[in-house]
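One structure is given here, and the rest of the page talks about it.
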Amino acid sequence: MITYEVTAIVEARLAEAYERYMRQQHIQDVLATGCFQSAELASDAPGRYRMRYEASTDEDLERYLATHAARLRQDAASHFPEGVALSREVWTVIQRWSR
């Protein structure tokens, strides 16, 4: 399993609109690519968000990055041309536990 994480730091004046956009449009658009099995949106402070997408394989993530990421990033930037700072990380799940 591959985890693709995007962290966003959003100016306070934009936080409500950004969260709404992520919940109602962007995350749904990312999942619609078929490259990810699941997604989650989390926040640890006002204006700080983490979007986490789970891909089954490296190839699925690479397909997303090569085929879909530029278009979806451009759409997000058109909605929020300023006031949002993003960072991205890729993690490989070594082992998963559950109860």
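The values are calculated or read from the model by the stated rules, or taken from the named source; none is laboratory data. Computed from a predicted structure; not experimentally measured. Positions of Cβ are generated from backbone atoms using ideal geometry, with glycine treated the same way; all protein chains shown enter the neighbour counts. Heads up: the accessible areas ignore ligands, DNA and RNA and are worked out on the full protein's heavy atoms, side chains in. Shrake-Rupley method; radii C 1.70, N 1.55, O 1.52, S 1.80 Å.
Those residues that are crowded, with 16+ Cβ neighbours inside 10 Å and part of a helix (DSSP H, G or I), I need them from the range 7-60; list them, please.
Matches in the range 7-60: LEU14, ALA15, TYR18, GLU19, TYR21, MET22, HIS26, ILE27, VAL30, ASP60.
Please pick out the residue among ALA32, ALA8, ALA39 that is within 19 Å of ILE94 (Cα to Cα) and of a type in the set (Gly, Ala, Ser). First the steps, then the outcome.
Values: ALA32 fails: within 19 Å of ILE94 (Cα to Cα); ALA8 fails: within 19 Å of ILE94 (Cα to Cα).
The match here is ALA39.
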Checklist (1) touching a helix residue (DSSP H, G or I) at 6+ places or on another chain (Cβ under 8 Å); (2) of a type outside the set (Asp, Glu); (3) at negative phi applied to GLY47, failing item: (3)
Being out of contact with any strand residue (DSSP E or B) (no Cβ under 8 Å at 6 or more places or on another chain) and either more than 25 Å from GLU16 (Cβ to Cβ) or small (Gly, Ala, Ser) (or both) is the filter here; which residues of the range 77-99 pass it? ALA77, SER78, ILE94, GLN95, ARG96, TRP97, SER98, ARG99
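Of all the residues that make up the range 72-99, how many are open to solvent by 80 Å² or more (accessible area, probe 1.4 Å) and in contact with an Asp or Glu (Cβ under 9 Å, 6 or more places away or on another chain)? Talk me through it step by step, then tell me what you get.
Start the filter on the range 72-99 by keeping residues that are open to solvent by 80 Å² or more (accessible area, probe 1.4 Å), which leaves 73-74, 79, 81-82, 86, 88-92, 94-99.
With in contact with an Asp or Glu (Cβ under 9 Å, 6 or more places away or on another chain) added as a condition, the list becomes 82, 88-92.
Of the residues in the range 72-99, 6 are open to solvent by 80 Å² or more (accessible area, probe 1.4 Å) and in contact with an Asp or Glu (Cβ under 9 Å, 6 or more places away or on another chain).
Out of ARG63, ARG73, I need the residue that is under 18 Å from ILE9 (Cα atoms) and charged (D, E, K, R). Which one? Spell out the reasoning first.
On the way: ARG63 fails: under 18 Å from ILE9 (Cα atoms).
So the residue among ARG63, ARG73 that is under 18 Å from ILE9 (Cα atoms) and charged (D, E, K, R) is ARG73.
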